[in-house]
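Below you'll find the structure, written out as structure tokens, and then a few comments.
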Amino acid sequence: MPTADSPTTDCSIQRTLDLIGDRWTLLILRDIFRGVRRFSQIQNDLGIAKNLLAYRLNSLVDAEIVTKIPYQDRPVRHEYILTDKGRALSPALVALMRWGDDWCLPGEAPTELYHEACATRVELQPWCTCCNEAVPPSSIRSRPGPGLTSSINTISVGVSP
């Protein structure tokens, strides 16, 4: 965890990784997005140790990314449901999936995401709300935002030609 005077304190990527930046947490979130919501189902699907799964799920609940809802009284058992905060992670997970499709797997993608209403493949692209056009990575830059409290330098996140 970064300390209060750490240069990563004002980094949204670091703060996100602090919450969801390990393999198991991302795979648990993937399962919940796919509708696998019960502890035993997630444990069986991932093959994760029960103590690790319990810890990761409790961390997600504490971070208000998922909420747990009882579905059985004796013994008490819960389903894990994404909150608005959790559902907002969808574009990040789709981006990781697409990157894996392009760079980690030979051939065709093992899973295709599509829009339920029209069955068209879903694409993910940064979009300029002013110009109303797609923005390639080489055109994305960063600048200090209103929440900056330390002296992090401005960086380019795009690739220079």
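Bear in mind that the values in this text are calculations on the coordinates, not laboratory data. All of these numbers come straight from a predicted model, not from anything done at the bench. So basically every Cβ, Gly included, is an ideal-geometry build from the backbone, and we count neighbours across all protein chains shown.
Tabulated data
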quantity: Percentage relative contact order, the range 12-109, counting C-alpha pairs under 8 Å, at least six apart; calculated: 22
quantity: Computed lengthening from LEU113 to SER90, 0.36 nm per intervening residue step minus Cα-Cα distance; calculated: 7.1 nm
quantity: THR129, THR83 arranged by Cβ crowding within 10 Å, fewest neighbours leading; calculated: THR129, THR83
quantity: Simple label model, 7 Å out from Cα along Cβ direction - ASP45 to ARG121, nm; calculated: 2.4
quantity: Long-range amide H partners of VAL66 with built H, under 5 Å; calculated: VAL61, THR83
quantity: Computed over the range 33-161: relative contact order in percent, which uses C-alpha pairs under 8 Å that are six or more apart; calculated: 12
quantity: Mean-position separation - Cα centroids, the range 12-65 and the range 131-145, in angstrom; calculated: 31
quantity: Entry for Cα extents along the principal axes in Å (calculated from the structure that is shown) out of (i) 64, 34, 31; (ii) 59, 46, 30; (iii) 36, 32, 25; calculated: (ii)
